[in-house]
Structures are given as structure tokens and as C-alpha cells.
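A.B. asks: Before anything else, here's the structure in question.
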């Protein structure tokens, strides 16, 4: 993240520091709620006075104009406002990796990234991998050929994490790739087939 | 089943292929429930109990409703009373007065939903939750089952603390009170399960006599963990109403079977409900027919006159997303010199949670009787209510616990008797048509359809090089210790009596309408390979319609308990045979002769004595439409389910409609088995360990789809290993508050936990009691792998080190240095 972006206080908005504090405060309410009469787990509250700002994002090579709240995460913007539901929200707290997207080729958890902080950066989601004519990205094709994944809920996140890792290590060993995507959780635990499929996808990419 | 062999030539069955759902999963086009959108959609948030047991004494919603953007609030008194349900055989199942409901004014665990808000966005809904004026009266609570069984122990519910069997057959089980005496607790000591009064029991053979004749009697107590399902997709549902009918896009393991479940919870007619569940982000038993929470957005949508989306947060999911119940087991096991299990006295106490009685305790007895074939056995059990999240079946419910409880006992017996643990597994393994407890009313035992576990052990041992590993010098490298383990697992793997339905279209294609759910096992597609094979259709000419009951689906089994490939491959075959009969009849009516003069192949039906004379499938489909009646679905066989009948009526006239119920015979109960072999590497300085090698060898009949089969073996093995290695419930017992609320506090194994070497195999012997020969594979790896790793840890560190699973680094260090570390005492899963 760029400090210059996230530390900018916007009218009626909040800073990154304030955002994190609000999240911590919610956690504190949740864990201490049992001590008091009242609702627990209420989640982040509406911040009175917060306003949406119309900003421009670069998503999958397209300029997208979108109204964004100061505290809005990239996962919320992509899924709820831009209709890009390929990324999933499995935990909303940076634990499972289902929401992984590439930001300037670096894998990021979209649930833990403020949308305002990625203005001017290239955002790539799973919807941006296949060509317009439907031809799959070689990584996707490798996974398809090996019948990778079971329920598929984690698949978009794994694909994006793999792409980001392959940008730094195009010819990894199986173990290196496992480390590269270890921030992503598959609850079907189909890791053997996932790794086989991703390795085949990586091989496809090297051939192209 | 020999009469069917000629009707089914596997060409596609048994081969890998690309399933029709995968491309969408990889491109982001797959729509899981939370991916649906509707015009004017509201979002829903839950207010959950902060207390483990309480009564709501004051509730004022005015301030919450006054917030701009809040459209409706749903409370427990607005829920319809749950309806009685009717089984396939027509038997009425009365609604239980103790069943979990979607909302409650007497929460029975911390995190139980009390009310729900629908608002224009999540922030507004959360603001409304905060504005609710609510007060509670705290009620007594209990977290651990043994605490509730103690004299004077708290009851989780005001009505009692245990489930008692129904007084008469056909009646509901009852909640009652059961307390054990101080003397019973005292006699057992600290780390041994007291043997108080059981709520239920059964036995066969002379158990005490068998124990008295045994060369070795072990008396072991072990605690299996509470493990949340933790599906990556949290409970999600979008509900909307059109013309008085409910449309529900919901994450559910099943499709057609979810309709009556929703109808029961909403007290509605099944004909007024459409369920959409194209993709489901993991279930593991926790979303068998969706879950009761799915009715919350349905009722809110009705109240707010707008579509409503429920997407549970991760903390919500930990509360309402189900968990496997812990079993505290005590096993008195008597062995002969050769390792044969002569007698077994098994007592289990189940941490049931607050609601419906779970079957894990009883099933653990059944699976134990089958998997280890004790010559005499007594099972006793009690399901104790606790103020902890609602339990539900999780992969191999009761089966995993059976393996975790008994697998290490067999290995310990082998060491005590100077035998190879593999040999003890083998000598006790079921074979042929093995008996299964509990006994029937006449005292005899049921039988399984088949078991080839000895073959699985032999093949697995060879692949794993068990004897080589066992006979090699114990590798010692610095602080690293090695251990190997072998164990078996088994579980129910098939049901019968469901429907298939497809249309041969005038374009000559096969359009299969299946009600099987799609949760990633690929059974919804794999089972249809049988239909294609039976009709000699290329897979490219087949299309599967699934995941939306509005698209006229056949009545299918619940996609749970690994029953689907068995149940629905039978239904697919039955339907294909119906299609073949109709094709031949249509040909005879069109071209002359009798149906017996014709054969089906190459997408044609033609005279067996003259291949030139025949009809293409396209022509036959067109002819079916002209003939009408049974041929194009205007008449439907009465024996298929009403849901299938309705689907047939909707598809009538679209082509040749084939529809049938599976009526193939089956003699015995259907189970699958796995033999697992594991090696662990333990660092005794840090307590960390890893599974370096794992082999899973299946006995699950023929393999329909190898890659999916292997995925189940690997994935479900890891699910079992999570019970040993990483997943644990922690509790603040003073306040009754769970501390494991997210992935990082009870983390499923990551990709780095996967063994360096994983191999799999399958005995591949067809099940003799089903025409395709296939059985389910999802369940049994879980217990087998869990127990194999436990055995390997014991092999590395010695017997009697661990009282409970999971075995985490602190437990390893405490086992190695008991004098310098505080070990967790007591028989609680929630340390």
C-alpha cells in the first residue's frame, strides 16, 4: 500500500489508521460482548457523514468509474458494484485467500485492501484471465485438463495467487509452488490435485 | 446382477474427463448463492446471543426500525411452526418440539441468532442491530458433557440434559435428565471415563466372558475433538417471491431434497418452492439440505416485499455452520494372542450441543462392530446436551470417531502382544459379507454387501512399503523422531430407490435432468456417465441440467454420506434401460417387427439382422413426440416420486422422455472402506510434527471417475488429519464463550500440511449388490487417515501419551517432558 494514498484524509471519510482502529474496536466488542447486555458481533457500523466518491479504477484492463465509500474494501467494490463475483469472500479478514486478486501483478487479499488505495493500479481478477473469444488462460487450461479443485470456491483465489507467484518464479518446483500459494485455503483439502493442476498450468504458461 | 452385465459396457465410466461445471469455476462465472443479484435486493444481518444460555426479557425494535434504510426485522415469534414431514414410504415424521429453529428467544449457545434485520446495505443492517434495545436473563449453562452428568451439574436446557430413546417405536426421542453419582466419578479417576448409566445400549455375544478369556485386556479412554465444518462458503441464500411462490438461491449439498426441507421449516407446500443451488462452496455434511437459517431471508423477503440476501460472516458461520460432536470413549478390549479382538465393551459420551440428537454416538458403535469385527460387543452411549453450537453430521459422522477411538487401541495391542500392527488390523478386518451391529430384534446381525479390506491392507502395505519401513533401523536425526501407523476406516456408501430422468431430444442429444447437488464431488455428473455408456452415447452429445428445481429435475438422494454415486448410478442405469425399451418399441411401431428385433448403439436403434433398417435417436425422439403417452412424457410411471412426476409433466412433448425409479435388488447394507498408512516426523524440541508420507487404499467398488475419486481420497484424508493436527475448540468456560471463532484460531490444514508423498490406490472389486458396482468414497478416508496419524504418533513417542485429539505441539511437548509442562487434565474436548 502507498502511505500517500491511504493516509490521505478524505472529507467525511477515514484514514487507514481509523479504518483499522474501527475493525479492532469491532473485534473488542465481539470478544467482550458476553460481559454486557447487548448485541455482540454487530460488525462495522455506519460512519455518519461518510460519503461515496466517484473514482476511476483500472480493472481487467478497463477503466471503471465507480462510487466508493472511504472504508470500502476492494472485495466489496468488485463484487457489489462492478459485478465481478469471481473472487469470493470466505473470511473477510485475510485468513483464507478466496478474494485474492492481482494489484500491479502482486497477489493481494481484496477483503483487506481499501479500494481508495488502489487507484491508478492495475487490478486483475479471475474474470480477466480468459480471452474475449473464450480461450482460457494457459493456467486455467492446465487446471481444467487436470480436473483441479472440488467445490471451486477457492479456485479464483488460488489462480490469482499462482499467477502472482509465477511472475516471480516461472518454473517452480512443486514444493516452491506450494509455498507460493500457502496463503490460500482449500477446505475440500484437495491440495494434491490442486498442485498437480497448477503445475500443469505453469508448464502451459512456459510453453506459450 | 449378472443379468445386467450385458446392458452396461463401461466406455466412459472409469475414465477421466472434464466435468461440465469446472470451466465456470475457473473463469468466475460459476454462481454460488452469494453471487446472485436481484433488483432492489436487501441484505440481512443477524443479532446473535452474547450469552451461552439466556432468555430474552426485553426487546424494543423502534430505534432500529427508525434508521433510514432498514426495511424489516424478523423475530422468533414470526416463524411458522415447523411442519410434520412425510418419508418416501409415506410415514409421517412428527415435528420435534425440541428442534432448532432459525431464531429464538431462548438462545442455547453463544452466537445463536435471535433476530434478523433486512436493510439496504450491510452497514445499515449492522447499525440497526446495534440499535436494538434488548435485555437478557442469564440461565444456567454447561460446556462439557461430563460437567452436566455430575451430581448437581447444570442442564443445558430447562427440560433436561440428555437425549433419551423414544418410549415406543415411531415416537420421538425425549429430552430428560440423567446424573451420575459421585461414586461413579470417583471410581473412574481423573483420566478415565466413568461408567455411569447409559441412555441407550445394545450388545451381542458374551462380552464379559470374552474379556475374561483374552490374553490381553486394554482399558482405554480417548476424547475426539469438536470440529467445525468451516465450509469456505458461509451460509448464503438469496430469497425472493413471485406470485406467492418462493425462489431460493442457496448453498446446499442437495438440490431436489432441499425443497421438502425448506417446505418443512416454512410450513409450505413443496410446489410453491423453487430451489437454485448450482454451485456450493463446500458442505462436508453441514449443508445437507441447506440449513434452517435459509428461511430467514425467505421470511424477510416476504415481509419487506423485496429480495433479501443472507451472507453469514465467518463468525456467524462458526456459530451456525455446524460442527462434528466430540465423543469421549472408553473401550475395554480383549485380544487373543494372535491379535484377534475377542470382546469389546464400548461406552461413549457425546457432546451433542443443544438441539437434535446426533447419530455419531450410535453410529460409532455400528461402524466399530463392522470395522473390527469383535466376536462379542457391547455398546453403551449417552448424548449429553451442552450450550455449544448446534452439531451436524460431518464427513463420516461417527465413523471418524470409531476409527480414532479404536485404531490406536489395535496398534497398542499389537505392541503389547509383540505383533505387527498391520497384522492386527488384518486379522480383525471385515471380509465377505461381514456382520454389522446393532442386533436386529431377533438377535441376529445385519450384513454388509461386501468387504475387501484385507485386500486393501495388502495392496496398501505393498505400495507404502510397510514392512521395509517397519524393519529399517529407527531413523534418529538430532531431535527428530519417526513413527509409522496403519488404520482402517469405513462408512455407509450407498442408498437405493431414487429416480432418473432424461430426454432424447429431436436433435439427437441426451439432456439429463438431475436433482443431485453439486458440492464438488462431481457425482452429479459422474453418475450420468453410466447413462451415456448404457445408450452408447458420446459424452459430447450429453447435456446435464442441474442445480435449479425450476428446470424440472428428477428426485435424487441427499448428496451426503457418500451415497450418491451408488444410488444415482443405479437410477441412471434404470432410466437408460427405460430409454432402450422405449427406443425399441418406437422402432417396432415405426419399422415393423417386435421390440426384440431391435438393438441400440451408435446413437441409433436398428434391426439386429439388418443394420440399415433403423432410426437415429433424433428420428426416434421425433417419433416419440408423435406417439405421445409414455414415450414423450405425457404418461409417467406411478412409482416415481411426485417431484419426478411433476418434472416429467413439465418436459412432456420435448422428445423421448425416459424416467425410472431404481428398483434393482440389494441384499445387505452398503459400506466403503479405506486402509491408510502414514509416517510422521516429530521434532521433540519444538513439538512440531508433520505427516511425511500417506497412502490411502480404497475398497469402494469400481472407480467411476479416477481424478474425482483420488481427490476424495486425498481431501477427506486431510480432513481427518485436521482432527489430529490443527483444529481445536477453545472455550472460556467461566463465561461459556467459544474462543475459536475464525480460521486462525482453529485452522484447517493448509497446503503446507499436505504430506510430501501422497499415494492412493483402489482394490477396484465391484460391489456385488449393485449393477454398476460403484460405492461412495468420500467418508471412509477421514477416519482411516486420522487414526493412522494417531497411531504413527504413538509409534514415534510411545503409548499412553495422548488422551485426546488434536495432538498439537503443546501436547507433544507435554508428552515428552511431563515433569516440566502442565498437561491438560480432564476429559474435555474444549481445552
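A.B. asks: From A:124, A:195, A:166, grab the single residue that is without any contact (Cβ under 8 Å) to a residue 40 or more places away in the chain and either within 13 Å of chain B (Cβ to nearest Cβ) or buried (at least 24 other Cβ atoms within 10 Å of the Cβ) (or both).
C.D. replies: A:195
A.B. asks: Please specify each residue of the range A:65-79 satisfying the condition of being surrounded by 17 or more Cβ atoms within 10 Å (Cβ to Cβ) and either more than 10 Å from chain B (Cβ to nearest Cβ) or assigned to a helix (DSSP H, G or I) (or both).
C.D. replies: Across the range A:65-79, the qualifying residues are A:66, A:68, A:70, A:73, A:74, A:75, A:76, A:77, A:78, A:79.
A.B. asks: I would also like to ask the following. Quick check on the range B:720-737: of everything there that is over 17 Å from residue B:786 (Cα atoms) and touching a residue at least 12 places away in the same chain (Cβ under 8 Å), which residue is farthest from the other protein chains (Cβ to nearest Cβ)?
C.D. replies: The selected residue is B:729.
A.B. asks: How many of the residues in the range B:726-747 are more than 24 Å from residue A:182 (Cβ to Cβ) and buried (at least 19 other Cβ atoms within 10 Å of the Cβ)?
C.D. replies: Final tally of qualifying residues: 5.
A.B. asks: Scan the range B:615-635 and report the pairs whose first residue is without any contact (Cβ under 8 Å) to a residue 24 or more places away in the chain and outside the structural domain of residue B:599 (by TED's automatic domain parsing) and whose second residue is surrounded by fewer than 20 Cβ atoms within 10 Å (Cβ to Cβ) and in a loop (DSSP other than H, G, I, E, B), with Cβ atoms within less than 8 Å and a gap of 6+ or a chain change.
C.D. replies: That search, which allows pairs on different chains as well, returns nothing.
A.B. asks: When the range B:267-278 is examined, which residues are found to be surrounded by fewer than 23 Cβ atoms within 10 Å (Cβ to Cβ) and either closer than 26 Å to residue A:90 by Cα or in contact (Cβ under 8 Å) with a residue 12 or more places away in the chain (or both)?
C.D. replies: Of everything in the range B:267-278, those that are surrounded by fewer than 23 Cβ atoms within 10 Å (Cβ to Cβ) and either closer than 26 Å to residue A:90 by Cα or in contact (Cβ under 8 Å) with a residue 12 or more places away in the chain (or both) turn out to be B:267, B:268, B:270, B:271, B:272, B:273, B:274, B:276, B:278.
A.B. asks: Sticking with this one: Working carefully through the options B:766, B:748, B:806, find the one that is in the same structural domain as residue B:364 (by TED's automatic domain parsing), under 30 Å from residue B:559 (Cβ atoms) and out of contact with any helix residue (DSSP H, G or I) (no Cβ under 9 Å at 6 or more places or on another chain).
C.D. replies: B:766
A.B. asks: From B:345, B:316, which residue is within 14 Å of another protein chain (Cβ to nearest Cβ) and in contact (Cβ under 8 Å) with a residue 24 or more places away in the chain?
C.D. replies: Only one candidate qualifies: B:316.
A.B. asks: Give, as residue ranges, the strands (runs of 3 or more DSSP E) completely inside the range B:42-85 that count at least 2 residues that are surrounded by 15 or more Cβ atoms within 10 Å (Cβ to Cβ) and more than 14 Å from chain A (Cβ to nearest Cβ).
C.D. replies: B:70-75
A.B. asks: Something else about it: Please verify whether residue B:486 is in the same structural domain as residue B:765 (by TED's automatic domain parsing), outside any helix (DSSP H, G or I) and free of Cβ contacts under 8 Å to residues at least 60 places away in the same chain, treating the condition exactly as stated.
C.D. replies: Here the answer is no, as residue B:486 does not meet what is asked.
A.B. asks: Restricting to the range B:535-578, and then to whatever is in a helix (DSSP H, G or I) and without any contact (Cβ under 8 Å) to a residue 40 or more places away in the chain, can you tell me which residue is nearest to residue B:285 (Cα to Cα)?
C.D. replies: Looking at the filtered set, the residue picked out is B:551.
A.B. asks: I'm checking my understanding of the structure. Among residues of the range B:186-216 that are more than 19 Å from residue B:368 (Cβ to Cβ) and buried (at least 17 other Cβ atoms within 10 Å of the Cβ), which one is farthest from the chain's Cα centre (by Cα)?
C.D. replies: In this case the residue turns out to be B:188.
A.B. asks: Tally the residues that are part of a loop (DSSP other than H, G, I, E, B) and either within 14 Å of another protein chain (Cβ to nearest Cβ) or under 26 Å from the mean Cα position of the chain (by Cα) (or both), restricting the search to the range B:303-313.
C.D. replies: Residues flagged as part of a loop (DSSP other than H, G, I, E, B) and either within 14 Å of another protein chain (Cβ to nearest Cβ) or under 26 Å from the mean Cα position of the chain (by Cα) (or both) within the range B:303-313 amount to 2.
A.B. asks: For the range B:804-830, which residues satisfy the criterion of being assigned to a loop (DSSP other than H, G, I, E, B), out of contact with any strand residue (DSSP E or B) (no Cβ under 6 Å at 6 or more places or on another chain) and farther than 30 Å from residue B:699 by Cα?
C.D. replies: Residues satisfying the conditions are B:808, B:817, B:818, B:819, B:820, B:821, B:822, B:823, B:824, B:825, B:826, B:828.
The values are calculated or read from the model by the stated rules, or taken from the named source; none is laboratory data. Just so it is clear, the structure is predicted and the values come from calculations on it, not from any experiment. Ideal geometry is used to build each Cβ from the backbone, glycine not excepted, and the neighbour counts take in all protein chains shown.
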